[in-house]
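Q: Below is a structure I'd like to ask you about.
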Amino acid sequence: MSTRQQAVVLGKGELAIQAADWFLRSADYDLLAVVPVVPEPTFVASLTAWAEKNGVRVISSGHYRDLLQPGEPAIDLAVSTFYDKIIRANFIDACGRIINVHNGPLPRYRGVRPINWALKNGEREHGVTIHEITPGVDDGPIISQVRFSIDPEIDEVADVYQRALAFGWTLLAQTLPRLDRMPATEQDHTLATFYHSRDNHLLGDRSTLTRADYQADS
């Protein structure tokens, strides 16, 4: 008789909800809790509302460290989907495995706002990557990845974001059932690019969900 594994989901929006719902319905996992981004952005679906509706525990502080309190069950798998905090080594070490869904084609576009920067840079291709979380930022070994076409002349940030959610869920749904059999591959760090929040002001009309929003705010 197999032992069910204990899982947690950290993050925000539709993809975090889809991941949490997958664990809730899984025959192999128990969903211990969800850790939402706090405050939750108003432009995405609420992970907290989904959890409350489905009787799932919510870490209302929004901080993963509250999963490490005395008496808490061991975490076999943690999944981060657009979570807003850098996860430190003590939590990484406390998890059997911890993975992240990143809205970019790693090793390129590490850091913040990868979709915004890809459109700003005139890219014709973008991607979603599932990787192991390490103490660094988006530099852990890659488990799976999908790439898709984008068009910087036509596409808005909002368009590519919605496309990334769809491709991201397909990738995650295909990865989770096989995760224990999928090796992770070290990133080629010589190809890495990284974007920091202090550079967000350089995004110009790609700083908002649409270029019309930027024009309206200017």
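Q: Go through (1) exposed (fewer than 14 other Cβ atoms within 10 Å of the Cβ); (2) not in a loop (DSSP other than H, G, I, E, B) for Pro70 and report which single condition fails.
A: Here Pro70 meets the rest and fails (2).
Q: If a residue has to be outside any helix (DSSP H, G or I) and without any contact (Cβ under 8 Å) to a residue 60 or more places away in the chain to count, how many in segment 194-212 make the cut? Before you say what the answer is, go through the steps one by one.
A: Quick first cut of segment 194-212, residues outside any helix (DSSP H, G or I) only: 194-196, 207-210.
Filter once more, so that each one left must be without any contact (Cβ under 8 Å) to a residue 60 or more places away in the chain: 208, 210.
Matching residues across segment 194-212 total 2.
Q: Taking the stated definitions as given, is Ile99 farther than 22 Å from Leu24 by Cα and in contact with a helix residue (DSSP H, G or I) (Cβ under 9 Å, 6 or more places away or on another chain)? Full working, then the answer.
A: On the way: farther than 22 Å from Leu24 by Cα: no; in contact with a helix residue (DSSP H, G or I) (Cβ under 9 Å, 6 or more places away or on another chain): yes.
Spelling it out, it is not the case that Ile99 is farther than 22 Å from Leu24 by Cα and in contact with a helix residue (DSSP H, G or I) (Cβ under 9 Å, 6 or more places away or on another chain).
Q: Can you list residue pairs whose Cβ atoms sit under 6 Å apart, with the first residue in segment 80-108 being under 30 Å from Val157 (Cβ atoms) and touching a residue at least 60 places away in the same chain (Cβ under 8 Å) and the second being assigned to a loop (DSSP other than H, G, I, E, B) and among the basic types (Lys, Arg)? Count only pairs 6 or more apart in sequence or on different chains.
A: Close Cβ pairs satisfying both conditions: Phe82/Lys12.
Q: Looking at Ala78, Ala7, Ala27 in this structure, which one is surrounded by fewer than 21 Cβ atoms within 10 Å (Cβ to Cβ) and among the small types (Gly, Ala, Ser)? Before you say what the answer is, go through the steps one by one.
A: Details: Ala78 fails: surrounded by fewer than 21 Cβ atoms within 10 Å (Cβ to Cβ); Ala7 fails: surrounded by fewer than 21 Cβ atoms within 10 Å (Cβ to Cβ).
Residue meeting the stated conditions: Ala27.
Q: The conditions are (1) surrounded by 15 or more Cβ atoms within 10 Å (Cβ to Cβ); (2) in a loop (DSSP other than H, G, I, E, B); (3) more than 15 Å from the chain's Cα centre (by Cα); (4) not assigned by TED's automatic domain parsing to the domain that holds Val157, and Phe91 fails exactly one of them. Which is it?
A: (2)
Q: Within segment 115-136, restricting attention to residues that are in a loop (DSSP other than H, G, I, E, B) and in contact with a Gly (Cβ under 6 Å, 6 or more places away or on another chain), which residue is nearest to Arg181 (Cα to Cα)?
A: Restricting attention to segment 115-136, the residues satisfying the condition of being in a loop (DSSP other than H, G, I, E, B) are 121-124, 133-136.
Filter once more, so that each one left must be in contact with a Gly (Cβ under 6 Å, 6 or more places away or on another chain): 133-134.
Details: Ile133: 18, Thr134: 20 Å.
Here the answer is Ile133.
Q: Another question, if that's okay. Please count how many residues of segment 168-193 are free of Cβ contacts under 8 Å to residues at least 40 places away in the same chain and within 16 Å of the chain's Cα centre (by Cα).
A: Going through segment 168-193 one residue at a time, the tally reaches 2.
Q: With respect to Asp151, is the statement that it is free of Cβ contacts under 8 Å to residues at least 60 places away in the same chain, outside any strand (DSSP E or B) and within 20 Å of Leu15 (Cβ to Cβ) true? Step through it out loud before you land on a result.
A: Details: free of Cβ contacts under 8 Å to residues at least 60 places away in the same chain: yes; outside any strand (DSSP E or B): yes; within 20 Å of Leu15 (Cβ to Cβ): no.
Criteria not met by Asp151.
Q: Related question: Would you pick out the residues in segment 47-60 that are in contact with a strand residue (DSSP E or B) (Cβ under 7 Å, 6 or more places away or on another chain) and in contact (Cβ under 8 Å) with a residue 24 or more places away in the chain?
A: As a first pass, look at segment 47-60 and keep what is in contact with a strand residue (DSSP E or B) (Cβ under 7 Å, 6 or more places away or on another chain): 47-48, 51-52, 56-59.
Correct list: Leu47, Ala51, Val56, Arg57, Val58, Ile59.
Q: Restricting attention to segment 1-46, report how many residues are without any contact (Cβ under 8 Å) to a residue 40 or more places away in the chain, part of a strand (DSSP E or B) and not β-branched (Val, Ile, Thr).
A: 4
Q: How many residues, within segment 159-193, are touching an Asp or Glu at 6+ places or on another chain (Cβ under 9 Å) and part of a loop (DSSP other than H, G, I, E, B)?
A: The number of residues fulfilling the criteria is 3.
The values are calculated or read from the model by the stated rules, or taken from the named source; none is laboratory data. Keep in mind it's a predicted model, so treat the numbers as computed, not measured. When we count neighbours, we look across all protein chains shown, and the Cβ atoms used for this are built from the backbone with ideal geometry, even at glycine.
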